[in-house]
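Q: This is the structure, below, for whatever I ask next.
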Amino acid sequence: MKESDLKMYASLMLSEVDRTHSLLNELLFISKPQPQSDLKTCNLGSIVMEVLPIIKNHSILKEVELEVSISKAPMLVQINPQQVKQVILNLTSNAFEAMDNCSKKTLSIKCFPLPCGSKIRLEISDTGKGIPCHLQEKIFEPFFSTKEEKKGTGLGLYVVKNIVEELNGKIWVKSETGVGTSFFIELTGIMAHSNVKNMSSRADIITAS
């Protein structure tokens, strides 16, 4: 079997595994919301780095250029780590699919504190097909999907939005047809000098690219 065929089959298998995993997580979130007691204080940059190997594997199989920039500054937030990982993987999975059959394929992930010091921003951008203006207001609605029939449940972005809003965060999208899409998430940061419980973060993170 040719190497190109092996790569294609591996990509298909990975896509199906991801689709099944995402569906299970989405259904679990809807049927059993996580209690506030599951929240921990984490470095958001560390959370991004923990899922980065999965994203890198996808980028290799999908032949997508990956650009990652994570601030070394402390970015402490009160979150459910597993749910935030789900948010990142959902958004990057959508980005990979949006770039299928595109000539330019670049996925960009940025995580940094805003100048005000109290907000942390996560940006995930792609150079895919883009979302038409008249659909952008609908993408966070349950069971709405821009994907082909049987390729999406229409729950992914709905779950993402609910996870972010349960953390008192904000999420919004900017997209242009034929140019690409960017999702922006803002969470309230915890000041480094605060008395923090349930600490779950690593040391400063090296910016990756």
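Q: For a 21 Å ceiling on Cα separation, which of these pairs sit above it: Lys62/Lys119; Lys110/Lys161; Lys56/Lys161; Lys104/Lys170; Lys104/Lys174; Lys72/Lys104?
A: In this structure, Lys62/Lys119; Lys56/Lys161; Lys104/Lys170; Lys72/Lys104 exceed 21 Å between Cα atoms.
Q: For Glu65 and Phe143 in the same chain, what is the full-extension length gain: residue separation times 0.36 nm, less their Cα-Cα distance, in nm? Mind showing how you got there, number by number?
A: Working: separation 78, 0.36 × 78 = 28.08 nm, distance 3.02 nm.
That works out to 25.1 nm of additional length.
Q: Between Asp100 and Lys72, what is the FRET efficiency for a Förster distance of 35 Å, r being their Cβ-Cβ separation, to the nearest 0.05?
A: Working: r = 34 Å, r/R0 = 0.97.
After rounding, the FRET efficiency stands at 0.55.
Q: In what sequence do Thr92, Thr106 fall when counting other Cβ within 10 Å, fewest first?
A: Working: Thr92 24, Thr106 17.
Listing Thr92, Thr106 from fewest to most nearby Cβ atoms yields Thr106, Thr92.
Q: Using 0.36 nm times the number of residues separating Glu50 and Gln136, minus their current alpha carbon distance, what extension gain do you get? Please report the intermediate quantities before stating the final value.
A: Details: separation 86, 0.36 × 86 = 30.96 nm, distance 2.96 nm.
Full extension from Glu50 to Gln136 adds 28.0 nm.
Q: What is the fewest-to-most order of Met99, Met75 by other Cβ atoms lying within 10 Å of their Cβ? All intermediate terms of the calculation are to be shown ahead of the outcome.
A: Numbers: Met99 23, Met75 27.
Least to most surrounded, the residues fall as Met99, Met75.
Every read-out reported here was derived from the displayed coordinates using simple, explicitly stated rules and does not represent laboratory data. Keep in mind that what you see is a predicted model, and the values were worked out from it rather than measured. Cβ: placed from backbone, ideal geometry, glycine included. Neighbour counts: every protein chain shown.
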